[in-house]
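No lab work stands behind these numbers, since they all come straight from the coordinates. Since this is a predicted model, take the numbers as computed values, not measurements. For neighbour counting, all protein chains shown are included, and Cβ atoms are generated from backbone atoms with ideal geometry for every residue, glycine included.
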Amino acid sequence: MLLIHCPYCDETLPEAEFTYAGQAHVIRHPEPSSQTDQEWEEFLFIRENVKGDHFERWRHFHGCGRYFNAVRNTVSDKFLTTYKAGAPRPQLSDLKEGGE
Amino acid sequence: MTRFNAFSLLKNALSGNKNWTEQWPEVEPKSSYDVIIVGAGGHGLGAAYYLAKEHGITNVAVIDKGWLGGGNTGRNTTIIRSNYLYDESARLYDHAVDLWEDLSQDLNYNVMYSRRGVLMLAHNVHDVQSFKRHIHANRLNGVDNRWLTPEECKEYCPPLSISKNARYPVMGGALQERAGTARHDAVAWGYARGAAMRGVDIIQNCPVTAIRRNADGSVAGVETAKGFIKANKVGVSAAGHTSVVMQTADVRLPLESYPLQALVSEPVKPIFPCVVMSNAVHAYISQSDKGELVIGSGTDQYTSYSQRGGLPLIEHTVAAITEIFPIFNRMRMLRKWGGIVDVTPDRSAIISKTPVDGLYVNCGWGTGGFKATPGSAHTFAWTIAKNEPHPINAPFTMERFRTGRLIDEAAAAAVAH
């Protein structure tokens with residue numbers, strides 16, 4: 001059972017309250033019609049699938065209902081941090097395992 | 001390596017079973033090979049076996065970071081079926097079932113393929129309509145599948161509760177009688193032995209750290225823990241770690257790696273005659289020849305390489321199983337484990353050439369790769385040997401995510417692949 005810190009509720013709660021929502025910081029192009037097939041493939045389907053520290057989105061589904069971002073290590077499953085949607089992407093060098 | 005037959009069994013029995021030769025030799029890697037397969041699971045070992053047997057390519061190595069069959073081949077629930085909706089999938093999975101039927105004879109190794117039937121339960125009107133559509137589509141593709149009423153389901157699988165008061169009432173089921181189970185370890189061992197007998201080197205506990213490319217972009221070989229090994233062709237069959245390996249050759253794939261868990265109960269006498277799956281509650285169950293109930297469901301919700309997974313999913317799975325089979329609600333569960341499965345956006349595999357000359361990939365089997373093992377291995381070997389896909393795996397390219405020609409089994413079944 002993962003324990004996840006919701007940056008809006010400012011509480012650390014069990015995984016069952018949350019839903020996973022995929023890789024974070026995937027940005028939709030402001031002019032979608034200008035995109036090539038290859039760029040569409042990148043945007044829709046290609047993901048980092050990193051073995052290590054992963055930037056990802058979660059939703060506090062059974063709580064405040066809001067989406068937020070997190071950094072989690074995909075080998076240890078431990079969270080390095082969670083932060084509000086729209087906040088800048090943190091530098092990995094500033095983070096340590098178990099930090100909030 | 002001794003062929004298994006009545007005579008060799010008798011001879012070795014009389015000498016106290018002390019003179020059996022090894023099933024495959026422990027070898028050090030050579031400096032170069034015609035083909036290197038990365039990943040010694042059923043799919044990779046099978047590909048090496050068919051390369052040697054059907055294409056005469058025997059200067060082959062299969063390299064694995066762990067022991068052979070120690071990844072998803074040894075971690076799945078061993079269900080075999082081919083009742084997929086789309087034509088492309090039906091052809092691929094039914095090709096696998098065709099090969100499963102004679103695999104023990106072909107390999108001279110008992111893979112314990114058991115045609116015990118897979119029954120998929122319908123619990124609501126949507127399930128009924130969807131399964132009937134699947135049945136019609138399957139039959140048009142020559143795949144056996146038929147509709148059973150709740151009473152017929154109960155007759156086929158006596159432990160099933162068809163009470164109308166159940167939380168998930170059984171409104172019928174789709175039965176594929178040709179489907180069943182096999183012994184997962186034996187599949188890896190049988191392919192390994194068959195390949196080794198034909199001259200293939202099997203190199204265990206030797207991680208491939210990178211794929212190296214020539215100046216013209218083509219494949220040069222692989223970097224491993226035991227040094228660089230040259231190869232004309234490299235086939236990657238590394239399941240959940242495919243993204244990690246392929247990234248070293250600058251090939252990015254539409255994959256995400258998730259933990260998929262399974263569990264077994266304490267062993268009991270034979271009680272459960274078939275495989276039962278339920279998409280609505282999302283769980284499946286069968287009984288192994290050792291007597292354990294083998295139970296599984298979907299992946300955990302988050303990507304991970306941890307080979308563990310979380311307990312909430314196990315709770316959900318066991319709750320679903322005891323709801324449909326109240327008879328099992330006092331049974332104790334013995335072990336649970338996780339494997340890392342590589343999932344594609346359309347939940348169909350990729351068996352394909354890549355933009356890199358001489359590099360091939362067989363991945364994206366997600367939660368349902370075991371059933372496809374012989375068909376996947378057979379068509380992957382063909383693709384590597386001839387540098388072009390077999391007609392059966394031709395639609396399973398990596399380009400389909402660019403062209404949009406998806407094989408969308410995710411939409412067809414939503415769960416339980």
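Summary of computed values
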item: Candidates B:His126, B:His55, B:His390, ranked by Gaussian network fluctuation over chain B, Cα under 10 Å, top entry; result: B:His126
item: Neighbourhood net charge (14 Å Cβ-Cβ; Lys/Arg +1, Asp/Glu -1) for B:Pro345; result: -2
item: 23 Å Cα-Cα reach of A:Lys84 towards lysines, excluding residues that sit fewer than 8 places from it in its own chain; result: A:Lys96
item: Rounded if a/c under 1.5, otherwise prolate or oblate - segment B:365-411, Cα gyration tensor axes; result: oblate
item: Under 14 Å, Cβ to Cβ, from B:Pro312 - net charge with Lys/Arg +1 and Asp/Glu -1; result: -3
item: With Cα atoms, 0 to 90° folded angle of helix B:125-140 axis to chain B main axis; result: 50 degrees
item: Percent of C-alpha pairs per 10 Å bin, chain B, short to long; result: 5, 22, 32, 25, 13, 4, 0
item: Reduced Cα scattering model of segment B:165-234, Debye log10 I(q)/I(0), q = 0.11, 0.13, 0.14, 0.19 Å⁻¹; result: -0.57, -0.65, -0.69, -0.94
item: Cα centre as origin, Lys/Arg/Asp/Glu Cβ charges: the protein assembly as shown dipole, Debye; result: 980 debye
item: DSSP-defined beta bridges in chain B - what % are antiparallel, rounded to 5; result: 70 percent
item: Neighbour net charge for B:Thr78 - beta-carbon separation under 9 angstrom, K R +1, D E -1; result: +2
item: Calculated from backbone phi, Karplus (6.51, -1.76, 1.60) coupling profile of segment B:347-364 in Hz, x at Gly/Pro; result: 6, 10, 6, 10, 10, 7, 6, 10, x, 8, 4, x, 10, 10, 9, 10, 8, x
item: Two-decimal Rg/Rh across chain A, once Rg and the Kirkwood Rh are taken from alpha-carbon atoms; result: 1.01
item: Other-chain or far-sequence residues with amide H under 5 Å of B:Ser257's (modelled H); result: B:Ser304, B:Val343
item: Three-way shape label, segment B:244-373, alpha-carbon gyration tensor, a/c 1.5; result: prolate
item: Helix B:42-55 axis, angle to chain B major axis (alpha carbon atoms, nearest 10°); result: 60 degrees
item: Qualifying lysines (Cα of each under 26 Å from Cα of B:Lys353; at least 8 residues distant if same chain); result: A:Lys51, B:Lys30, B:Lys53, B:Lys65, B:Lys230, B:Lys233, B:Lys371, B:Lys386
item: Exercise: per-residue mean of other protein chain Cβ atoms within 10 Å, A:17-23; result: 2
item: Positive-end extreme of charge dipole, the protein assembly as shown - chosen from B:Ala215, B:Ser15, B:Cys153 (charges on Cβ); result: B:Ser15
item: Gyration tensor (alpha-carbon) shape descriptor, segment B:1-146, a/c threshold 1.5; result: prolate
item: Nonlocal amide H pairs with B:Ala122, under 5 Å, H built at 1.01 Å; result: B:Met171, B:Gly172, B:Gly173, B:Ala174
item: Partner chain coverage, peptide B:299-310 - average Cβ within 10 angstrom; result: 6
item: For segment B:232-306: relative contact order, % (alpha-carbon pairs under 8 angstrom, 6 or more apart); result: 32 percent
item: Degrees between helix B:311-324 axis and first principal axis of chain B (Cα, 0 to 90, nearest 10); result: 40 degrees
item: Peptide A:81-89 - average C-beta neighbours from other chains (10 Å radius); result: 0
item: Relative contact order, percent, chain A [alpha-carbon distance under 8 Å, six or more residues apart]; result: 25 percent
item: Geometric extent, Cα atoms of the protein assembly as shown - Rg, Dmax (angstrom); result: 23.5, 78
item: Lone cysteines, chain A (no partner Cβ under 4.7 Å); result: A:Cys64
